[in-house]
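Here the structure is laid out as structure tokens; the discussion comes afterwards.
Nothing in this text is a laboratory measurement; each read-out follows from the coordinates by a stated rule. Remember, predicted model here, so these are calculated numbers, not experimental data. Cβ coordinates were reconstructed from backbone atoms using ideal geometry, including for glycine residues, and neighbour counts include every protein chain displayed.
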């Protein structure tokens, strides 16, 4: 249960930090600094990001601090994501070519180490972002998390439809 709550908090903070960066950028920016820009982040996601930032009513100072934090951490995260991408490309060769279990297992172990490092860094960053919230915003975030958890639990508990009888 706590794991799901933690995942939601981490996901929400990732969305929140994305919204801070997206909102802080102008249309004149030639080279966006946000690492997710151009990687599947369409207008729907940007609208969602702005919605979440508005729900917490972030101040301009909070947005500025969050943007600065993300920009500071970008050089730490970028190489980790690049390493993960390179391993994914190597793994794809074994999908499209000859399968070598030993090599795939070695690459999977490398990827697991990189993913662990990414998780540690993301959690630290999310904690720093969380600390920028006021007590009321933290309470509001926890309520949003609880509501989301309740919806997810309801969805998980719904029974699968019975197969049609013949």
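Go ahead and run the numbers for FRET between residue 86 and residue 124, Cβ-Cβ distance against an R0 of 22 Å, rounding to 0.05. It would help to have the intermediate numbers written out before the result.
Details: r = 23 Å, r/R0 = 1.07.
Approximately 0.40, to the nearest 0.05.
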Which shape class applies to the stretch 64-166: rounded if a/c is under 1.5, otherwise prolate when a/b exceeds b/c and oblate if not, where a ≥ b ≥ c are the square roots of the Cα gyration tensor eigenvalues? oblate
Would you calculate the separation in nanometres between label points at residue 156 and residue 116, each defined as 7 Å from the Cα along the Cα-to-beta-carbon direction? 2.5
Full-extension gain between residue 138 and residue 71, please, as 0.36 nm times their residue separation minus the C-alpha to C-alpha distance. 21.8 nm
Quick one: 67, 142, fewest Cβ neighbours within 10 Å first, how do they rank? 142, 67
Cα→Cβ-extended label distance, 7 Å offset, between residue 94 and residue 131, nm: 4.0
